[in-house]
Amino acid sequence: MQKFTLSSDGDSTPKKANFLKGLNEQQRKAVTHSGSPLLIIAGAGSGKTRVLTYRIAYLLQQHKAAPQEILALTFTNKAAREMKDRIRELIGSEKSSGIWMGTFHSIFSKILRFEAEKIGFDSNFSIYDTSDSENAIKLILGELGYDHKEIKPRTIQRKISDAKNELIHPNQYKTRFIQSTLDDITARVYEVYDVRLRQGNAMDFDDLLIKPIELFEKHPDILEKYQDRFKNILIDEYQDTNHAQYKVTKMLASKYEKICVVGDDAQSIYSFRGADISNILNFKNDYEDAIEIPLEQNYRSTKHILQCADSIIKNNTKQLDKTLWTDNADGDPIVVLENFDERDEANRVVQHIQNLKMREGYSNNDFAILYRTNYQSRVFEEAFRRKGITYQLVGGLSFYQRKEIKDVLAYLTLLVNPEDEQALLRIINEPSRGIGKKTLNDLIRKSREQGRAIWEIIQDVEGSDLYKPAIAKIGQFVDMIHTLRRELESGATLLDTTKKMLEMSGYVKALIEENSAKALSRRDNIIELQNALSYYEKQTKKPSLGSFLQEISLITDTDKYDEEKPAVTLMTVHASKGLEFPVIFIVGLEENLFPMGGRNGEEADYEEERRLFYVAITRAQKQLFFSYAKMRYKFGEENRQMRSRFLEEVDPGVVRTETGATIRQKPERFQSEPSSGSGDTEIEYDWKQPVQTKKPSSTSFEYEYDDDPFTVGTTVMHPVFGPGKILQRNGSGKDTKVVVFFKNRGQKTLMLRAAKLQAL
């Protein structure tokens with residue numbers, strides 16, 4: 001962390017004479033600029049967080065701006081915390097405490113808490129994460145007569161999310177955006193889903209960005225109130241903003257135009273979740289008087305790493321002009337590791353880590369392994385476990401996504417928002433209390449017929465036509481929730497209320513009675529959740545259950561990374577954004593893996609893939625390794641791989657290739673019974689082709705490939721289902737299955753040998 005100069009009397013407010021010390025010329029221009037909108041093009045490692053921090057401090061110190069007039073928007077809680085800490089260290093906590101600083105979602109959810117009633121919500125609205133949304137959509141698909149195994153809820157959820165981020169409302173979607181059967185299904189689900197959210201007093205993650213726009217458009221006086229409050233707006237990572245984020249911030253900035261955005265078009269890597277690179281490319285068109293200041297001096301990486309990154313990104317056509325440079329040392333050349341397969345790749349990476357630790361004195365947390373897709377982590381995890389090396393996996397199952405934690409949080413959610421249908425359906429019979437599936441279906445049916453929330457219906461079930469034994473159980477459940485709500489309202493702590501809930505519900509008792517290792521692990525996780533609640537209450541001036549639930553609902557993947565943990569980090573390149581490590585391994589550099597090829601027949605976006613590779617490279621401070629395999633298992637079959645086109649674009653003057661000394665090993669596929677009483681078969685690799693020093697029985701090095709045309713993306717015709725497109729292919733030989741989306745019949749899984757498909 002950057003250390004700031006303090007005044008001689010020990011006060012945490014720096015003297016004006018020292019305020020700009022340590023900034024380079026371009027950074028100083030960016031910090032002190034005033035009078036017009038400002039676009040800061042901050043290259044990787046150029047100190048953008050420092051510039052944002054100093055600029056906020058400068059506004060407070062030199063321009064006498066009030067803290068509450070400053071709105072600073074980030075993309076991760078980690079970035080917001082880091083900036084807050086730096087500002088407090090720079091100018092003192094008293095002068096900085098009123099700043100509105102946080103992620104887009106956290107800031108606008110806060111505004112919505114204040115103004116929710118203006119758009120028909122209660123201030124205690126629930127926030128649905130992706131799994132909550134998918135569960136709601138799954139329920140709606142069933143109600144509309146679709147099979148969720150054929151029409152995937154996740155697919156519909158993503159299409160609805162894309163529509164929301166483009167500010168396309170349900171009525172617009174069904175009248176203007178129908179291009180396929182799937183779009184038609186999405187339109188029907190979207191319309192019902194929107195109603196369900198309102199009925200359940202809930203918003204999904206996308207709503208936290210589009211509901212403020214709805215609020216400001218319907219109530220211009222409220223927009224003006226927040227325009228006057230946030231006279232100075234600063235936005236980090238502007239290249240990652242989507243259309244909704246662009247519009248809501250433009251609305252807020254339109255009155256005073258005191259807006260400063262920081263970003264790097266070369267690091268725009270989130271188009272799959274709606275990010276629009278044109279927002280940063282067109283900033284000067286949106287604000288005619290805008291000034292552009294580039295930050296080109298890199299403080300993070302060696303010259304060779306920077307030269308490597310520059311040689312890659314210059315192949316993109318859409319970019320703003322900048323040339324990164326550094327005063328750092330040349331450093332070691334980048335090493336390209338050629339490997340036989342993914343297991344060999346993992347073993348060699350681990351061996352390099354062990355060697356560097358011994359030779360250079362690195363610690364485990366100095367290393368990160370970056371890959372394109374999550375599934376690539378498995379072989380590295382296995383290799384680390386074999387060698388006894390501690391690692392942390394970022395982007396795996398979140399603590400707050402574990403079943404038992406989601407269950408407990410659903411109970412707590414009902415205490416602040418009993419109309420939350422997803423929370424209610426999740427735990428009304430968890431643990432089992434005799435309220436079966438038929439009763440739940442009857443409750444859902446009644447809710448739909450009467451247009452009332454399920455919670456409202458179960459308040460009075462006596463004398464209803466529900467299954468009689470279940471009526472008493474429902475009454476006991478309702479009484480329990482009422483008791484716990486009264487407990488909370490009477491001033492009980494969140495921890496005590498949670499303990500009482502766990503006791504009254506019998507949740508922990510059921511885990512104890514199960515007495516399995518899995519159940520005991522779940523109980524430990526619940527204890528850890530109680531620890532989190534206790535810590536929250538001790539650290540928060542005015543703790544509330546609603547605020548706690550909101551806080552954990554807004555945790556991002558990057559927030560799961562623990563930089564203090566003495567462990568090697570495994571993560572996707574996307575998750576690594578904003579981080580840095582002394583040593584980086586970028587693995588799986590093969591065609592159709594990195595870069596990722598087009599999916600579902602769509603054309604690949606190689607410019608974004610190249611930006612993603614650029615981001616991965618620029619995470620490295622001192623040493624950088626590229627790695628690829630010549631063979632890789634896919635769907636249980638071994639496939640030949642082509643090295644990534646990106647490796648051909650790297651400046652050859654800064655890399656060296658390591659084919660590895662000949663490695664002798666016993667791959668699993670050759671561990672057959674030895675013939676003639678001989679010992680284990682030994683296989684030697686020369687990295688050009690596999691060479692056997694002793695031929696094992698019934699083993700061949702011939703690799704056969706299907707020449708059939710039914711690959712992913714192929715358009716096909718089925719004699720019954722009509723035209724469709726292959727989305728997925730699994731298995732091999734006579735067991736090969738294909739997943740096909742048919743225009744008129746939805747998604748089907750077919751045995752290829754029996755499907756009678758015709759490639760078009």
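The values are calculated or read from the model by the stated rules, or taken from the named source; none is laboratory data. The structure displayed is predicted, hence computed values, not measured ones. Every residue, glycine among them, receives a Cβ derived from its backbone with ideal geometry; neighbour counts consider all protein chains shown. Accessible surface areas use protein heavy atoms only, side chains included; no ligands, DNA or RNA. Shrake-Rupley method; radii C 1.70, N 1.55, O 1.52, S 1.80 Å.
For segment 176-205, the tally of residues that are free of Cβ contacts under 8 Å to residues at least 60 places away in the same chain and open to solvent by 20 Å² or more (accessible area, probe 1.4 Å) stands at 10. Write out, first by first residue and then by second, each pair whose Cβ atoms fall under 6 Å of each other, whose residues are 6+ apart or on separate chains, and whose first residue, in segment 353-374, is within 21 Å of Tyr614 (Cβ to Cβ) and open to solvent by less than 40 Å² (accessible area, probe 1.4 Å) while the second is aliphatic (A, V, I, L, M) and assigned to a helix (DSSP H, G or I). Hits for this filter: Phe367/Ile353; Leu370/Val573; Leu370/Ala616.
Quick one: which residue in Leu208, Leu234 is over 30 Å from Ala309 (Cβ atoms) and either in contact with a strand residue (DSSP E or B) (Cβ under 8 Å, 6 or more places away or on another chain) or at pLDDT below 95 (or both)? It would help to see each step written out before you state the result.
Details: Leu234 fails: over 30 Å from Ala309 (Cβ atoms).
Answer to the selection: Leu208.
Considering only residues that are open to solvent by less than 20 Å² (accessible area, probe 1.4 Å) and either in contact with a strand residue (DSSP E or B) (Cβ under 6 Å, 6 or more places away or on another chain) or farther than 17 Å from His574 by Cβ (or both), which ones fall in segment 390-408? Full working, then the answer.
First pass over segment 390-408, keeping only residues open to solvent by less than 20 Å² (accessible area, probe 1.4 Å): 392, 394, 398, 404-405, 407-408.
Hits for segment 390-408 are Gln392, Val394, Glu404, Ile405, Asp407, Val408.
Within segment 528-538, is even one residue hydroxyl-bearing (Ser, Thr, Tyr) and touching a Phe, Trp or Tyr at 6+ places or on another chain (Cβ under 8 Å)?
Of all residues in segment 528-538, those hydroxyl-bearing (Ser, Thr, Tyr) come to 534-536.
If we keep only those that are touching a Phe, Trp or Tyr at 6+ places or on another chain (Cβ under 8 Å) too, we end up with 536.
Checked segment 528-538: at least one residue is hydroxyl-bearing (Ser, Thr, Tyr) and touching a Phe, Trp or Tyr at 6+ places or on another chain (Cβ under 8 Å).
If the requirement is being within 25 Å of the chain's Cα centre (by Cα) and of a type in the set (D, E, K, R), which of these qualifies: Lys284, Lys303, Lys247?
Working: Lys284 fails: within 25 Å of the chain's Cα centre (by Cα); Lys303 fails: within 25 Å of the chain's Cα centre (by Cα).
Step by step, each of Lys284, Lys303, Lys247 is checked, and only Lys247 is within 25 Å of the chain's Cα centre (by Cα) and of a type in the set (D, E, K, R).
The condition (being farther than 21 Å from Asn315 by Cβ, in a strand (DSSP E or B) and either modelled with pLDDT of 85 or more or touching an Asp or Glu at 6+ places or on another chain (Cβ under 6 Å) (or both)) is satisfied by just one residue among Pro582, Pro543: Pro582. With the structure loaded, tell me whether Tyr371 is within 22 Å of Arg619 (Cα to Cα) and within 16 Å of the chain's Cα centre (by Cα) or whether it fails that test. Taking the combined requirement at face value, the residue satisfies it.
Taken over segment 448-470, residues that are assigned to a helix (DSSP H, G or I) and surrounded by 18 or more Cβ atoms within 10 Å (Cβ to Cβ) amount to 5.
Each row is one residue, and each column tells you yes or no for (1) assigned to a helix (DSSP H, G or I); (2) under 23 Å from Leu579 (Cα atoms); (3) open to solvent by 60 Å² or more (accessible area, probe 1.4 Å).
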position: Met251; (1), (2), (3): yes, no, no
position: Phe272; (1), (2), (3): yes, yes, yes
position: Ser301; (1), (2), (3): no, yes, no
position: Cys308; (1), (2), (3): yes, yes, no
position: Ser311; (1), (2), (3): yes, yes, no
position: Gln319; (1), (2), (3): no, yes, yes
position: Asp327; (1), (2), (3): no, yes, yes
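Only a single item in (1) modelled with pLDDT of 90 or more; (2) among the small types (Gly, Ala, Ser); (3) assigned to a helix (DSSP H, G or I) is not met by Ala492, and it is number (3). The number of residues in segment 67-107 that are among the small types (Gly, Ala, Ser) and more than 26 Å from Leu208 (Cβ to Cβ) comes to 2.
Taking the condition within 22 Å of the chain's Cα centre (by Cα) and hydroxyl-bearing (Ser, Thr, Tyr), does Tyr628 pass? Can you show your working first?
Details: within 22 Å of the chain's Cα centre (by Cα): no; hydroxyl-bearing (Ser, Thr, Tyr): yes.
Against the criterion (within 22 Å of the chain's Cα centre (by Cα) and hydroxyl-bearing (Ser, Thr, Tyr)), Tyr628 does not qualify.
Filter segment 257-270 down to the residues that are touching a Phe, Trp or Tyr at 6+ places or on another chain (Cβ under 8 Å) and buried (at least 24 other Cβ atoms within 10 Å of the Cβ) and list them by number.
Here is the first cut: in segment 257-270, the ones touching a Phe, Trp or Tyr at 6+ places or on another chain (Cβ under 8 Å) are 257, 259, 261-263, 266-267.
Listed by number, the residues that qualify are Ile259, Val261, Val262, Gly263, Ala266.
Just one of the listed residues (Asn429, Asn441) is within 36 Å of the chain's Cα centre (by Cα), surrounded by 14 or more Cβ atoms within 10 Å (Cβ to Cβ) and free of Cβ contacts under 8 Å to residues at least 60 places away in the same chain, and it is Asn429. Pairs meeting the criteria (first residue in segment 462-481 and closer than 17 Å to Glu503 by Cα, second residue in a loop (DSSP other than H, G, I, E, B) and among the polar types (S, T, N, Q), beta carbons under 8 Å, at least 6 apart or on different chains) are Val478/Gln459. Being open to solvent by 60 Å² or more (accessible area, probe 1.4 Å) and either closer than 30 Å to Asp206 by Cβ or assigned to a helix (DSSP H, G or I) (or both) is not true of Ile552.
Whether any residue in segment 217-225 is within 19 Å of Leu59 (Cβ to Cβ), of a type outside the set (D, E, K, R) and open to solvent by less than 50 Å² (accessible area, probe 1.4 Å) is what I want to check.
Of all residues in segment 217-225, those within 19 Å of Leu59 (Cβ to Cβ) come to none.
No, because not a single residue in segment 217-225 is within 19 Å of Leu59 (Cβ to Cβ), of a type outside the set (D, E, K, R) and open to solvent by less than 50 Å² (accessible area, probe 1.4 Å).
When segment 560-576 is filtered for residues that are at pLDDT below 90 and surrounded by fewer than 18 Cβ atoms within 10 Å (Cβ to Cβ), the ones remaining, listed by number, are Asp562, Glu563, Glu564, Lys565.
Taking segment 122-160 as the range and being farther than 19 Å from Gly546 by Cα and aliphatic (A, V, I, L, M) as the test, the residues that pass are Ala136, Ile137, Leu139, Ile140, Leu141, Leu144, Ile151, Ile156, Ile160.
Filtered by the rule that a residue be touching a Ser or Thr at 6+ places or on another chain (Cβ under 8 Å) and either open to solvent by 20 Å² or more (accessible area, probe 1.4 Å) or outside any strand (DSSP E or B) (or both), segment 105-131 gives Arg113, Phe114, Ala116, Glu117, Ile127, Asp129.
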